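Reviewing the structure listed below.
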Amino acid sequence: MIRNEEIKQLAPIFGIDAIGITSAEDLIDARRLRVAYRGFPSYHPRSFLKKARSVIVGIENYYARGRPLRPEEGEIARYTWSNYYYDLRTRLKELARFLKRAYQMRFRVFSNGPLAEKPLAVKAGIGYYGKHTIIINEKFGSWIVIGEILTDLEIEPDQPEENDCGDCRICIDACPTRAIEKPYQLNWKRCIQYLSNHRVEIPLEIRRVWGNRLYGCTTCQEVCPKNSRSRPTHSIPEYGYVGPGFSLYEVLMLDEERYRRRFGSNQIGARWMELACLKRNAILALVNRGEKSALNHIIRFEDDPDPMLKEIARWAVEELQRWI
Ligand code: SF4
Ligand code: SF4
């Protein structure tokens, strides 16, 4: 069995902020903690590498100081300013190739992939679930993306992380939609993070507290005391860079081709969302800003062939006309 320190000491060489190791056994207890953000993650690492024995879990701290928003821009959630998943995956692949040369191992690498990353991170001692259901690392807080190297090497595992939030409930009280219904229990149907990248009906009371969000929501992370000492450890990756904001008016004018060109290497355009959802979010943000000058831009969606855009545009026009 390989000592886990032998692997962990390589983290800074590959620009990985921390590494934890766990076994590749099925995640028997993980279902209890599952957060239904994206489909159904797998709890069976060996279904991706038959003879897997260990999972090397790595994290990248994506905290960065971004430029200020321009007045015409809606906010993009911090973890989407660039494609951090791609960046971490690249670093983990480099580490895996290095280990392969040293140990002849077989491997698969994922980040934001099919494996249940959060329970793996807990089991590998990387962090614990905050009450907002996001993983918190003692050093970097919750501003982390998680990735894994699945390997047939047998590596000494770390102890699971057993910390928790204690009596704090700041994120629960700060959530604008009351999506954190109780500690560690998120109602994703009320969570702007989920709603903003899915084709779903947005309840009226959530439309009214949407704010200036173009993509995602990080309010529960912004208020968390565990993030108060966050510091950047990397420059923002160039691949997939979109930055902290984007013009709401420009979004309304994008066609598919320009959308894929502008957002295609970022996780927004690469995998996650339809252009129509981004346009819907832009309309919600413009209404929340009470931007009467947006009326002319929104009216043209009132007869859009897409029923979601048609519905949101008709609602938005009514809302904005009240301000005139
Ligand atoms: S991401 Fe936003 S909406 Fe979702 S739980 Fe956090 S604060 Fe609430
Ligand atoms: S705000 Fe408090 S309760 Fe919420 S995740 Fe942070 S420490 Fe935990």
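Only one entry in ALA96, ALA52 is of a type in the set (Gly, Ala, Ser), part of a helix (DSSP H, G or I) and modelled with pLDDT of 95 or more, namely ALA96. Inside the stretch 266-290, residues that are outside any helix (DSSP H, G or I) and either touching a residue at least 40 places away in the same chain (Cβ under 8 Å) or in contact with a helix residue (DSSP H, G or I) (Cβ under 7 Å, 6 or more places away or on another chain) (or both) make up a count of 4. Residues that are touching a Gly at 6+ places or on another chain (Cβ under 9 Å) and not in a strand (DSSP E or B) within the stretch 137-161 comprise GLU138, PHE140, SER142, PRO157, ASP158, GLN159, PRO160, GLU161, listed in sequence order. The single condition among (1) touching a Leu at 6+ places or on another chain (Cβ under 8 Å); (2) modelled with pLDDT under 95 that PRO114 does not satisfy is (1). Listed conditions (1) in contact (Cβ under 8 Å) with a residue 24 or more places away in the chain; (2) out of contact with any helix residue (DSSP H, G or I) (no Cβ under 6 Å at 6 or more places or on another chain); (3) closer than 30 Å to THR90 by Cα; (4) assigned to a helix (DSSP H, G or I) are all met by TRP315, apart from (3). For the stretch 154-173, which residues satisfy the criterion of being away from ligand 2 (no atom under 12 Å from the Cβ) and crowded, with 23+ Cβ neighbours inside 10 Å? Residue satisfying the conditions is ILE155 alone. Of the residues making up the stretch 194-210, not a single one is free of Cβ contacts under 8 Å to residues at least 12 places away in the same chain, within 16 Å of ligand 2 (Cβ to nearest atom) and in the same structural domain as MET273 (by TED's automatic domain parsing).
The values are calculated or read from the model by the stated rules, or taken from the named source; none is laboratory data. Since this is a predicted model, take the numbers as computed values, not measurements. Backbone-built Cβ (ideal geometry, glycine too); neighbour counts: all protein chains shown.
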